[in-house]
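Taking it in order: structure first as structure tokens, then the write-up.
The values are calculated or read from the model by the stated rules, or taken from the named source; none is laboratory data. Bear in mind that the values here come from a model prediction, so they are computed numbers and not experimental data. Cβ: placed from backbone, ideal geometry, glycine included. Neighbour counts: every protein chain shown. All accessible areas refer to the heavy atoms of the entire protein, side chains included, with ligands and DNA or RNA removed. Shrake-Rupley method; radii C 1.70, N 1.55, O 1.52, S 1.80 Å.
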Amino acid sequence: SSFSSFSGYFQDLLNKSEKALYDAFPSMYGELYTQNMKVFKDLYSELRRYYRGSNINLEEALNEFWTRLLERLFKLMNPQYHITDEYLDCMVKHAEQHKPFGEVPRDLKVKATRAFIAARSYAQGFLVGSDVVKKVSQVSLSHECTRAIMKLMYCPHCRGMSSVKPCNNYCLNVVKGCLANQADLNTEWKYLMDSLVVVADRIDGPYNVDTVIGTIHMRIAEAISNLQENKDSITAKVFQGCGNPKISTKGSSSEDKKRRGKVALEAKSSAQALEMLVLDAKGNLTALKTYWITLPGSLCSKKVMTSSVADDKCWNGMTKASYLPEVMGDGLANQINNPEVEVDITKPDMTIRQQIMQLKIMTNRLGNANIGNDVDFQDASDDMSGSGSGDSCPDDVCGKRLSKSPSTRQPETHAIPKQSGHGISGASSRSLPSTFLLFLSVAFIAAQHLWR
């Protein structure tokens, strides 16, 4: 799975960075670390929550980390003084302008936000694509569609022509009529695939996720080192701006025993692994760009096992002969004259229209991520509800002229059911168990291909 491989890789980078910090910091900083463990744990916890889609402002989270760390370290570096919370507020205002941690906070803020925004948008893009496939696969086939499928696949058997395969163009017209709404996903689906490819290049390029996320612990160590080196001048400037704090009665602490020994902080690069993940994902994404409009041809050749286009010994819906009508175009608007499936082009399926909107929203988010802008991941789909209904397939399906049923309207569906298990069902699906499952499960081919 392209999604799970990348997501696992990214979270592994974060885990390794956190573990390296926990392993090295006790010997590097002694009490300076042990008394402030929660500050570091909270930072990694916030980073994880952000990646998983929580509505956290990443810049604010990083600013909060540096502020809390500065407060804690300032107290530890000045154990002979009694430093109140009010004094710390003043200290932060005066110290921050003198860059106590050097350039690390600003540099990390720019690089980490870009890397995290790109990484989580990329992962979210895969999830949205998967969700679209899942919801589209739950859209019920119309009454007219089930009749057309019945005629396509079962009528040759009734006519004593069980070995005769359906004509390919005949099959294409049936499937294009049945999946007319699905084909309308194609434009926005293609844009999403293209956007994921662009962000993938950012992840393995200028926003180098591997380097930035895998070395957070090293940047923190660098920042603390900067503070230790600037300790005297920073303290003097704070005292000048905020006044001298009261002398503490507790005396000095063991902070004087701090270790300054350089402990090797390794950043084992796995850039090659990231490059392979991105290459693999880009191959899958490119292959799937035209999925929704190539689906009818794929179904007819692989699932229905039709005859070749030029074959005049195929089932054309009436007898064993060539199929004369032209093949319809893709999408709902092109089905106005479909000879095999009666499609009301004035009534687009609302679930699929919703999914087209979800694709647009996600593509816009990826566009923002591509230029380093943060995006809000609140679910944009409306909580709609509906029900499915349909009639059983009539006996005269194999007749020359399909009789119109008063109940040909496609059942309403909903994108996000309020309760699990509130799926779409109806007599039309029960009357054609094998073909219904065949045509309805095909959308999962996309999911399996895309996320493998």
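Report whether or not residue 137 is under 30 Å from residue 4 (Cβ atoms) and of a type in the set (S, T, N, Q).
Working: under 30 Å from residue 4 (Cβ atoms): yes; of a type in the set (S, T, N, Q): yes.
Judged against the criteria, residue 137 is a match.
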Some residue of region 287-303 being over 36 Å from the mean Cα position of the chain (by Cα), assigned to a loop (DSSP other than H, G, I, E, B) and surrounded by fewer than 21 Cβ atoms within 10 Å (Cβ to Cβ): no
Residues being closer than 22 Å to residue 225 by Cα, free of Cβ contacts under 8 Å to residues at least 24 places away in the same chain and of a type in the set (A, V, I, L, M) - total across region 55-109: 2
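Can you name the residue in region 124-159 that is of a type in the set (Lys, Arg) and farther than 18 Å from residue 172 by Cβ and is also least open to solvent (accessible area, probe 1.4 Å) among such residues? It would help to see each step written out before you state the result.
Taking region 124-159 as the starting set, the residues that turn out to be of a type in the set (Lys, Arg) are 134-135, 147, 151, 159.
If we keep only those that are farther than 18 Å from residue 172 by Cβ too, we end up with 134-135, 159.
Details: 134: 104, 135: 26, 159: 109 Å².
Looking at the filtered set, the residue picked out is 135.
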Matching option when the condition is at pLDDT 90 or above, crowded, with 19+ Cβ neighbours inside 10 Å, closer than 30 Å to residue 279 by Cβ and among the polar types (S, T, N, Q), among 17, 7: 17
Test for residue 25: is it in contact with a Phe, Trp or Tyr (Cβ under 6 Å, 6 or more places away or on another chain), crowded, with 19+ Cβ neighbours inside 10 Å and of a type in the set (Phe, Trp, Tyr): yes
Residue in region 312-319 that is closer than 20 Å to residue 143 by Cβ, surrounded by fewer than 16 Cβ atoms within 10 Å (Cβ to Cβ), among the β-branched types (Val, Ile, Thr) and out of contact with any helix residue (DSSP H, G or I) (no Cβ under 6 Å at 6 or more places or on another chain) present: no
Tally of residues being at pLDDT 85 or above and part of a helix (DSSP H, G or I) across region 219-274: 23
All helices (runs of 4 or more DSSP H) inside region 135-206 with 1 or more residues being over 21 Å from the mean Cα position of the chain (by Cα) and of a type outside the set (Ser, Thr, Tyr): 143-153, 155-158, 168-178, 180-183
Matching option when the condition is open to solvent by 50 Å² or more (accessible area, probe 1.4 Å), of a type in the set (A, V, I, L, M), in contact with a helix residue (DSSP H, G or I) (Cβ under 6 Å, 6 or more places away or on another chain) and touching a residue at least 24 places away in the same chain (Cβ under 8 Å), among 212, 198: 198
Subset of region 77-114 [part of a helix (DSSP H, G or I), modelled with pLDDT under 90 and open to solvent by less than 20 Å² (accessible area, probe 1.4 Å)]: 77, 95
Pair list, Cβ under 7 Å, 6 or more apart: region 30-42 residue part of a helix (DSSP H, G or I), other residue open to solvent by less than 70 Å² (accessible area, probe 1.4 Å) and of a type in the set (Lys, Arg): 32/258; 39/68
